[in-house]
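K.L.:
Structure in structure tokens, see below.
The values are calculated or read from the model by the stated rules, or taken from the named source; none is laboratory data. Everything numeric in this text was worked out from a predicted model, so none of it was measured. Cβ atoms come from the backbone with ideal geometry, glycine included; neighbour counts cover every protein chain shown.
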Amino acid sequence: MNNSLTKYGADERFLTLAKEYKDLKLARVISQYKGIYKIIMEEGECLAKVSGKFMNEAYHASDYPAVGDYVMTDGFRKKGETSVIHRVLDRKSVFKRSAAGSKKEMQIVASNVDIIFICMALNNDYNINRLERYMTLSWDSGAKPVIILTKSDLSENIDNILNEVTSVTFTDDIILTTNKDESSYEKIYEYLKPGITGAFIGSSGVGKSTIINHLLGREIIKTSGLRNDDKGRHTTTTRDLILLKDGGIVIDTPGMRELGTGFAETSRGFEDIEELISKCKFSDCTHTGEPGCKVREAIEKGTLDLRRYENYEKIKRENKYAGLNSKEIEKEKLNQMFKSVGGMKKARKYLKDKDKRK
Ligand SMILES: Nc1nc2c(ncn2[C@@H]2O[C@H](COP(=O)(O)OP(=O)(O)OP(=O)(O)O)[C@@H](O)[C@H]2O)c(=O)[nH]1
Ligand SMILES: [Zn+2]
């Protein structure tokens with residue numbers, strides 16, 4: 001059943017899940033706009049909406065379908081009619097971010113991405129801390145990270161950079177690209193095999209569109225410079241999930257491009273640090289000078305890079321604040337600041353006393 005959807009990434013897992021819904025038909029969401037979804041089915045593309053029951057039962061923004069989702073619908077509809085989505089199949093990977101204007105709601109940016117291509121340009125965009133954060137974000141999502149170092153024509157010490165990237169990310173999945181040599185993009189195809197869904201993240205201007213255009217073999221997404229017209233980015237295409245002629249699938253949405261790491265868990269990519277922490281003498285060690293602290297020990301011995309450790313701490317702090325509103329963040333920061341003097345209560349008293357003294 002639905003085997004033509006295999007082309008669009010539906011693997012055994014989803015085909016099996018779909019079989020449980022006898023009366024419904026499998027589809028994949030290829031774009032969305034204000035409650036209307038464009039989906040691809042065996043018969044082709046059509047528009048869809050979620051059912052009333054779905055809306056009643058949806059509790060979080062993330063319960064709604066997102067680009068990349070496999071959904072169960074009541075069937076294909078011809079132009080002018082809309083299909084009805086009844087279910088979202090369990091996601092195998094998911095990219096989230098805080099929903100606009102909401103404290104705790106998470107919005108799905110894209111789902112069921114197999115490979116996330118982390119793009120970083122080898123000019124002043126290159127930043128090892130950011131790369132580390134992107135790695136964390138990828139591992140958390142469930143997608144496999146592959147690093148693309150773009151604009152290799154602009155760098156003179158590629159070997160040093162490659163060494164640094166390898167030692168920090170523990171991965172060999174690194175691709176160097178330059179638009180001065182088209183063949184440098186070939187390696188991307190080795191990852192984007194038929195049925196595999198990829199997405200590209202990285203700062204603006206690193207060359208994501210240049211790569212995607214290359215994969216598409218035509219100018220669907222206009223590269224920067226032409227883009228700042230009044231029509232915005234996605235006027236040239238209505239699809240955010242694109243099937244390449246060589247088989248891979250690419251998800252490219254504004255949300256995907258803007259992904260940060262504020263909400264990412266820290267553990268992935270920092271296993272060595274967490275391992276050290278677990279061995280500190282005190283379970284509540286703050287790694288700021290306690291005896292028997294394995295973290296400090298490693299930093300002093302030079303086996304743990306201080307910069308990496310500080311980046312780990314930074315991500316942890318940011319995670320703590322993710323999902324809190326500004327007032328809560330303020331409170332949390334004060335708590336943090338006054339932890340050493342006995343917490344908020346004392347801090348408040350201290351601030352009051354200080355006020356009185358004025
Ligand atoms: N020197 C050099 N320039 C490149 C390379 N790849 C892309 N560029 C240029 O960099 C600029 C930005 O490229 P884009 O592909 O639009 O960057 P992007 O990451 O898609 O940017 P956003 O759409 O803003 O996210 C363009 O002027 C490209 O021509 C490269 O390998 N080397
Ligand atoms: Zn410690």
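K.L.:
ILE108 is checked against (1) surrounded by 21 or more Cβ atoms within 10 Å (Cβ to Cβ); (2) within 16 Å of ligand 1 (Cβ to nearest atom) and fails just one. What number does that condition carry?
P.N.:
With respect to (1) surrounded by 21 or more Cβ atoms within 10 Å (Cβ to Cβ); (2) within 16 Å of ligand 1 (Cβ to nearest atom), ILE108 is out only on (2).
K.L.:
Go through region 24-35 and report how many residues are basic (Lys, Arg) and loosely packed, with under 15 Cβ neighbours inside 10 Å.
P.N.:
Counting residues in region 24-35 that are basic (Lys, Arg) and loosely packed, with under 15 Cβ neighbours inside 10 Å gives 1.
K.L.:
Next question, about the same structure. Only one of these is more than 19 Å from PRO254 (Cβ to Cβ), away from ligand 1 (no atom under 16 Å from the Cβ) and within 14 Å of the chain's Cα centre (by Cα): SER167, SER93, SER141. Name it. It would help to see each step written out before you state the result.
P.N.:
Working: SER167 fails: within 14 Å of the chain's Cα centre (by Cα); SER141 fails: more than 19 Å from PRO254 (Cβ to Cβ).
The unique qualifying residue is SER93.
K.L.:
Within region 75-145, considering only strands (runs of 3 or more DSSP E) that don't extend past its boundaries, which have at least 1 residues that are under 18 Å from MET256 (Cα atoms) and modelled with pLDDT under 95?
P.N.:
94-98, 106-111, 115-121
K.L.:
What number goes with the only condition from (1) more than 16 Å from ligand 1 (Cβ to nearest atom); (2) modelled with pLDDT under 90; (3) polar (S, T, N, Q) that THR303 does not pass?
P.N.:
Unmet for THR303, out of (1) more than 16 Å from ligand 1 (Cβ to nearest atom); (2) modelled with pLDDT under 90; (3) polar (S, T, N, Q): (2).
K.L.:
Also, quick follow-up: Which residues, taken from region 1-34, are under 17 Å from ILE242 (Cα atoms) and assigned to a helix (DSSP H, G or I)?
P.N.:
Scanning region 1-34 gives SER4, LEU5, THR6, LYS7, TYR8.
K.L.:
Can you find a residue in region 2-23 that is without any contact (Cβ under 8 Å) to a residue 40 or more places away in the chain, more than 19 Å from PRO194 (Cα to Cα) and either buried (at least 18 other Cβ atoms within 10 Å of the Cβ) or among the small types (Gly, Ala, Ser) (or both)?
P.N.:
The answer is no; no qualifying residue exists.
K.L.:
Need the failing condition index for ASP90 against (1) surrounded by fewer than 17 Cβ atoms within 10 Å (Cβ to Cβ); (2) free of Cβ contacts under 8 Å to residues at least 60 places away in the same chain, just the number.
P.N.:
Condition not satisfied by ASP90: (2).
K.L.:
Just to verify a result, which residue in region 285-302, among those that are within 7 Å of ligand 2 (Cβ to nearest atom) and over 32 Å from the mean Cα position of the chain (by Cα), is surrounded by the fewest Cβ atoms within 10 Å (Cβ to Cβ)?
P.N.:
GLU290
K.L.:
Specify the residue that is farthest from ligand 2 (Cβ to nearest atom); the eligible residues are those in region 254-284 that are of a type in the set (A, V, I, L, M, F, W, C), at pLDDT below 85 and touching a helix residue (DSSP H, G or I) at 6+ places or on another chain (Cβ under 9 Å).
P.N.:
Taking the candidates together, the pick is LEU259.
For every residue, the table says whether it meets (1) buried (at least 22 other Cβ atoms within 10 Å of the Cβ); (2) part of a loop (DSSP other than H, G, I, E, B); (3) near ligand 1 (Cβ under 10 Å from one of its atoms).
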position	(1), (2), (3)
ILE147	yes, no, no
GLU156	no, yes, no
ILE161	no, no, no
THR171	no, yes, no
TYR185	no, no, yes
TYR189	no, no, no
PHE200	yes, no, yes
VAL206	yes, yes, yes
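K.L.:
Please pick out the residue among ILE220, ILE212, ILE242 that is closer than 16 Å to VAL67 by Cβ, within 21 Å of the chain's Cα centre (by Cα), at pLDDT below 95 and not in a helix (DSSP H, G or I). Outline the logic, then answer.
P.N.:
On the way: ILE220 fails: within 21 Å of the chain's Cα centre (by Cα); ILE212 fails: not in a helix (DSSP H, G or I).
Among ILE220, ILE212, ILE242, only ILE242 is closer than 16 Å to VAL67 by Cβ, within 21 Å of the chain's Cα centre (by Cα), at pLDDT below 95 and not in a helix (DSSP H, G or I).
K.L.:
Something else now. Within region 36-66, which residues are closer than 17 Å to VAL109 by Cβ and either surrounded by fewer than 21 Cβ atoms within 10 Å (Cβ to Cβ) or touching a helix residue (DSSP H, G or I) at 6+ places or on another chain (Cβ under 8 Å) (or both)?
P.N.:
Within region 36-66, LYS38, HIS60, ALA61, SER62, ASP63, TYR64 meet the criteria.
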